[in-house]
Amino acid sequence: MTNADTVTELRFEPPAPGYWERDAVHFPRPMTRYWQEVHPAAFARGTGDFARFYGMLVGSLGSAYVHGFGYRSMVPVADEEVPARFQRAAEVMQGKLWREQLSDWDERVKPDSIEAHRALQSVDPAGLSDQELVEYLTRCRDHHAAMIAQHMRYTASAVVPTGDFLAHVGDWTDVPPAELLGLMRGTAPVSAGASDELERLIAAFEADAQARELLASDDDPGQVLASLRALDGETGEAVSGYLDLVGYRLLDGFDISEPYALSMPDALVRAIQIAVAGRDLEGADVDAAVADIRGKVPEQHRAEFDELLGEARLTYRLRDERGVFSDIWASGLMRRAVLEGGRRVAERGQIHEPVHLIDASFDEMCSLVADGSGPSADELAARATERTTRAPNAAPRSLGDPPPPPPDPSGLPPDVARLMRATGIALGHLFGSSEAEHDEQVLRGLAASPGIYEGPARLISGPSEFDRIVTGDVLVTQSTTEAFNILLPLLGAIVTDSGGLLSHSAIVAREYGIPGVVGTREATGRIADGVRVRVDGDAGEVTVVE
Amino acid sequence: MTGAPVDALQRVPLFADLNQRELKQIARLFKRRTFPAGETVVQEGSGGAAFYVIESGEATVFVAGKEYSTLGPGDYFGEIALIDEGARLATITATSELGCYGITFWDFRPLVEANGVIGWKLLQSLARMYREARAG
Amino acid sequence: MKGTVPLVKAHETALYGSKAVGLGQAMRDGLPVPPGVALSGAIVEAVAAGNDRAIKQVAKTARPLGGPLAVRSSAVDEDGADASFAGQHLTLLNVPSSEQLGAALSEIWWSANSDSAISYRQRVGLFTRPSVGVVVQALLDPESAGVMFTRNPINGADERMIEASWGLGEAVVAGQVIPDSYRIHRSGEVLQRTPGFKKIAIRTLPEGGTFEQEVQPELVEQLCLDDGQLAALNGLADRCEQIYGPARDIEWAFADGKLHLLQCRAVTRSGS
């Protein structure tokens, strides 16, 4: 739990000259030392690449960590490069060059990445000698760094067409951005977990009654997965194929401190159950929504609306694919390797728990595995405790002097202005720096129980709906009574419309040590059932996470 | 008057072969309980604490979400969970206001242990349920 | 038949349960607890079983309280600290008179012997038969009521945290409104007065039971406690701490201009 005393001792200084903004969206918690070493250079490389490809007036984005909390800054492009950037921006907008990036991704980069992940994945770290493990850790680290850069390289193509769409439709109508983004649904099946492997899995289950029975059993989820993998023939192979694809993906976040899917068999079994049970009929809803919004656009712009929407929907899936097939997988593989190292070092009595090796720097990890030299067991344990208990609201929103305002877009060549606007809106949406848009997504209430948790919201009106709750859900309800107590072991967080810090919901959230935000007034009205939310019980905020 | 009235238990097949004195002894262990219409009396999967005999009103039995049967005066339910301290096998909902007499297992168990006739009848109930489950 | 005593004479938790004895002790210590009677587990069970003598005895003991009545369970073998999870703290507000106590006691007995209550007890290692006593008190019709923690439960700061709303305090306990929020330093200095959003007030019905009354618009966001009342609450917190120790969770009500203590138990955890 948080230690109030430690918080007041931390001083936050700008990590380097310039203006640094806290990125609490991507890095809500303090990051590991390993991440702090690896991320900045890769991030700068990847962002520099996309800025150059798109002709942006950005040199690159910087990332830095203060007491483990992530901050980012912008490095402007050098003056002499500006003309080349202007020209490139024009080419991009006229030629819709994001399509080039998209086909590059589909035809070369994504398949190559998957091959690289599989190559590392096929090595069993447990079978390596200590020296081989150190080499393997290095391979995994280098791969992870490359994948972080790759993730960022494709950011603009995920973001520019969407931002362009939002910018134009925002000018033509007053439909809020969150609602406009709803029109992207159905175009990002990867976010929903789809893949060829999953399709194969669904087909295999449809044909195999024994497998369906196994899936429905009440056995321990780890057992269920093992039994499914062990089935003869098509089903067993389909299950293995699926698990090989998704097994090492981090379930949340980006750091090696996060668990990957295979370490939470409950989540995997649930995902398979849901897939096998059938899919959402989202398509129908979206068409109606599109028609509705199109109707609000003035007639002379409707053709352009269709074009912009088409481009946005084409590239939208890159938003998640660029992470899932790049660093979210690579990070899981690195974690696996580090945990094997931790296991050995713990066996030798040099650290208290295998997982503490996660808090070593990369060099420390290698030396501990190679010859046992490095930080003491107590030191690593202390780092782990500090990192997981440091209060997030200690970190200020920004450090350093605010920069001069960006150039008035109206003075720039039209394509450049358009590009800047598109990127600004989309990045602002991603990073939440635009207050107005951010507020569309953020609900505020009383900070009833500390901690941060992200998971699916489940709107429950009363005991008759209790069976809809699944382990890890965020309970969203008007208020709670003691009847709700039986749900507590399943919940990740609690959000209520009414109630104070001394109400039942607040008390039980604190008792159970799960984040709680009460008295939001409108949670049940504004949060849709099933959307992913982040509950920040320290700040008293609930954010709908796209 | 403490407990259930003897004629509320008389019609219950489980107690059919008991004489008046034995019935009176058993009836004293019961307590009246009323459930409003629509209330869930017993929830499938939850632990069981009491066995009930219906005196008035009607209830519906659901197994795995599907309607299975209805119960009325003279019917009883809830005994299996008390026998093996396991989970309730069905969900039972009061369709009208349901007047019951209930007995918790601290009283139910000695009752069964002391009276072989009741024990035998419970076995017959179980056998019937088992047969029905296998057939369905 | 033994088993009914005026609340001020409830001493044995094995007979009357910890809530009754706690309130009785508070009364003996001069704290402003509304008058009431404590009923033992045995007599509650006898009433639930339909024993006429027990029913008559209970009615007779409670008659002096008049009506309406607040009837609360007082479990015998769960200590106050863990009891928040038992789900057995059934409170029946507004039983119109002592004549209707039989049905109320029966409901409380069954609640303590329900499937979920028994399962919960077994999970926490209690395999014995539950025994549930009952506290019957005159029901207040408060102007405002709520909860006070004598120490801030979120950050452990040495200040009183008070949440208050119009009408019966169940609105605050059950989280049905966004209550006013006050923080007072133990010196009496008021550190915070934040109006809530108190759209409803829980009020009693003449025939028994309670209902949710819509609060007049101008009162929804108006503070329901004035400085005099805050000072009285701070004083009450002080006395409770002196008698029982630090970190108390207090339920209180202002009725007829006076401050009443409805509950005083240990805070189970201080949020850290």
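The values are calculated or read from the model by the stated rules, or taken from the named source; none is laboratory data. All of these numbers come straight from a predicted model, not from anything done at the bench. Reconstructed Cβ throughout: ideal geometry from the backbone, glycine too, with neighbour counts over all protein chains shown. For the accessible areas, the whole protein counts, side chains as well, though only heavy atoms, and no ligand, DNA or RNA atoms are used. Shrake-Rupley method; radii C 1.70, N 1.55, O 1.52, S 1.80 Å.
What to note about this one:
- Inter-centroid distance (Cα atoms) of region C:187-219 relative to region B:42-84, Å: 41
- Entry comment: accessible area of chain A is 43 Å² per residue, from protein heavy atoms only and a probe of 1.4 Å.
- Over 32 Å between alpha carbons, listed pairs B:LYS66/B:LYS121; A:LYS296/C:LYS198; C:LYS9/C:LYS198; C:LYS60/C:LYS199: A:LYS296/C:LYS198; C:LYS9/C:LYS198; C:LYS60/C:LYS199
- Distant-in-sequence amide contacts of B:ARG33, defined by a placed amide H-H separation under 5 Å and a gap of 5 or more residues or a different chain, comprise B:CYS100, B:TYR101, B:GLY102.
- For B:92-105, mean number of other protein chain Cβ atoms within 10 Å: 1
- Computed extension length for A:SER461-A:ALA126: 115.7 nm, one decimal, from 0.36 nm per residue of separation with the Cα-Cα distance subtracted.
- Axial C-alpha extent at least 24 Å, average Kyte-Doolittle at least -0.5 - helices from chain A (DSSP): A:155-172, A:327-347, A:414-431
- Comparing Cα centroids, region A:282-348 and region C:31-77 end up 63 angstrom apart.
- With θ taken as phi - 60° and the Karplus curve 6.51 cos²θ - 1.76 cosθ + 1.60 applied, the whole-hertz 3J(HN,Hα) list for region A:533-544 is 10, 10, 9, 10, x, 8, 8, x, 10, 10, 10, 7 Hz, x standing for glycine and proline.
- Our note on the geometry: Cα centres of region A:358-384 and region A:104-124, 30 Å apart.
- Using a probe radius of 1.4 angstrom, the carbon and sulfur fraction of the accessible surface of region A:73-122 is 51%.
- What you get for region C:127-272, charging only the Cβ of Lys and Arg (+1) and of Asp and Glu (-1), is a dipole of about 640 debye around the Cα centre.
- Remark on chain B: ratio of C-alpha radius of gyration to 2.2 N^0.38 Å is 1.00.
- Among C:THR128, C:THR194, C:THR61: highest mean-square fluctuation, GNM of chain C, C-alpha pairs under 10 Å: C:THR128
- Square roots of five times the Cα gyration tensor eigenvalues for region A:70-170, Å: 37, 18, 13
- Per-pair calculated FRET efficiency, R0 = 30 Å: A:ARG212 and A:THR138 via Cβ, rounded to 0.05: 0.10
- Note on chain B: GNM, Cα springs under 10 Å; of B:LEU82, B:LEU126, B:LEU23, the largest mean-square fluctuation is that of B:LEU126.
- Residues A:SER376 and A:ASP529, FRET efficiency given R0 of 45 Å [Cβ-Cβ distance, rounded to 0.05]: 0.40
- Amide hydrogen neighbours beyond the local backbone of C:SER131, cut-off 5 Å, H modeled: C:VAL76, C:ASP77
- Taking the empirical scaling 2.2 N^0.38 Å for compact globular proteins as reference, the protein assembly as shown has a Cα radius of gyration ratio of 1.10.
- Average other protein chain Cβ within 10 Å of Cβ, residues C:175-188: 4
- Pairs of Cα atoms farther than 14 Å apart, region A:446-500, %: 49
- Averaged over A:502-514, number of beta-carbon atoms from partner chains that fall within 10 Å: 6
- Kirkwood Rh and Cα Rg combined as Rg over Rh, evaluated for region C:1-80: 0.95
- Candidates C:ASN94, C:ASN234, C:ASN152, ranked by Gaussian network fluctuation over chain C, Cα under 10 Å, top entry: C:ASN152
- Label-point separation, A:ASP79 to B:ALA127 (7 Å along Cα→Cβ), nm: 10.2
- In chain C, the calculated helix contribution to ellipticity at 222 nm averages -9000 deg cm²/dmol per residue, counting -39,500 (n - 2.57) for every DSSP H run with n ≥ 4.
- Think of each Lys and Arg Cβ as +1 and each Asp and Glu Cβ as -1; about the Cα centre, that makes the dipole of the protein assembly as shown roughly 2860 debye.
- Stretch gain in nm, segment B:GLU44-B:VAL63, where the contour uses 0.36 nm per residue and the Cα spacing is subtracted: 6.1 nm
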